[in-house]
Amino acid sequence: MARILSEGIGSSQERIGTPQEESRSSAALAQRHLVLVGMMGCGKSFLGRWLARRSGLPIYDLDRIVSRREQSSISALFEKKGEAYFRQKESEALRWVLAEPPGILSTGGGTFVVSENRLLLLEHGIVFYLEAPVDLLAARLRKSRGRPLLASVVDRRQALQELLREREPFYRLAHVTVSVAERSREELGERIWRSYCERAGRTGWESR
Ligand code: S3P
C-alpha cells in the first residue's frame with residue numbers, strides 16, 4: 001500500500017467557521033485542483049495522465065502548456081531565453097490553469113519552490129508531494145535528454161541530490177506527502193485519488 005507520510009490539510013491549514021462559512025468552504029474545496037509536485041523523475045506527468053484517465057478530470061501538464069504557448073521545447077526555451085524567462089512563463093501558465101475548471105495538475109520540478117506559486121497552489125489545490133529517493137530519480141533520469149538542469153552536469157546523481165536537499169523543505173509544505181518508492185502506479189494513483197476525494201468532498205471516480 002502506498003504510504004501517506006504526512007497530512008497537513010484539516011490541521012493548521014484549515015480554520016473552523018460558522019455553518020455558512022463551512023458550506024462555502026466545502027464548495028470551494030470541491031473546486032480545488034489535484035496538484036502533483038516533486039522532483040523531476042518522480043512521476044508527476046505519468047501519474048497525472050493516469051489520474052486524469054481514471055477520474056475523467058482534465059489534465060493540466062504545466063511544462064506542456066508552457067511549451068505549447070511558447071512553441072518551443074523546455075530545453076530550447078532554457079537555452080535561448082534562460083531560466084528566469086522560463087520561470088516567468090511557468091508562473092503565468094500556472095495562473096491560467098488555476099482559473100480553469102478543476103483538474104489534475106502536474107507541475108514542473110521547480111514550480112512549487114517559487115513562493116507565489118506555492119501560495120497559489122496551496123490555496124487553489126490539494127497538493128500531493130511525490131517523494132522519491134535520489135537513487136530512484138537518478139536511475140529514471142539516467143538517459144533523459146529533456147531536462148535542461150541536468151544537461152551539462154557530469155554527475156547526475158550528485159546534482160539531483162543537491163537539488164533535492166534545497167527543495168525538499170518546500171515540497172514538504174504540500175498538503176500530503178506520498179512515498180512513491182516500491183509502489184505500483186495503480187496503487188499510488190488509487191491512494192492519491194481517494195485522499196483527494198476525501199478532502200475535496202467528491203464521491204469517487206467520475207467515470208469508470
Ligand atoms: C524543472 C523540471 C522540469 C521542467 C524544467 C525545470 C526543475 O519538469 O519544468 O526543466 O526545475 O526541476 P519535470 O519535473 O516535469 O521534469
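Here, each number is a calculation from the coordinates, and none is a lab measurement. The structure presented is a predicted model; accordingly, all values stated were derived computationally and were not measured. In this analysis, Cβ positions are derived from the backbone assuming ideal geometry, glycine residues included, and neighbour counts consider all displayed protein chains.
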Self-check item: In Hz, Karplus ³J(HN,Hα) per residue of the range 64-70 (6.51, -1.76, 1.60; θ = phi - 60°; x = Gly, Pro)
Solution: 5, 5, 4, 4, 5, 5, 8
Self-check item: Rounded FRET efficiency, nearest 0.05, which uses the C-beta distance separating Gln31 from Ser144 and R0 of 22 Å
Solution: 0.05
Quiz item: Can you give me the pair-distance distribution of the range 30-81, C-alpha pairs, 5 Å bins, whole percents?
Solution: 4, 18, 22, 21, 20, 9, 4, 1
Quiz item: How far, in nm, would the chain grow between Ala84 and Arg49 when pulled straight, counting 0.36 nm per residue and subtracting the alpha carbon separation?
Solution: 9.8 nm
Quiz item: Per-residue HN-Hα couplings for the range 114-125, Karplus 6.51 cos²θ - 1.76 cosθ + 1.60 at θ = phi - 60°, whole Hz, x for Gly and Pro?
Solution: 7, 4, 5, 4, 4, 4, 4, 5, 5, 7, 9, x
Self-check item: Cα gyration tensor shape for the range 35-146, rounded if a/c is under 1.5, else prolate or oblate
Solution: rounded
Practice problem: Can you pull a Stokes-Einstein diffusion coefficient for the range 83-130 at 25 °C (0.890 mPa s), Rh from Kirkwood over Cα pairs, as a whole number of µm²/s? | Solution: 222
Exercise. Express in nm, to one decimal, how much length is gained between Trp96 and Arg64 on full extension, taking 0.36 nm for each residue of separation and deducting their alpha carbon distance.
Key: 10.2 nm
Quiz item: Over the Cα atoms of the range 95-208, what Rg and Dmax result, in angstrom?
Solution: 15.6, 48
Exercise. Would you list which aspartates and glutamates come within 18 Å of Lys44, measuring only between C-alpha atoms, while excluding same-chain residues fewer than 8 positions from it?
Key: Asp61, Asp63, Glu90, Glu131, Asp135, Glu168, Glu182, Glu186, Glu187, Glu190
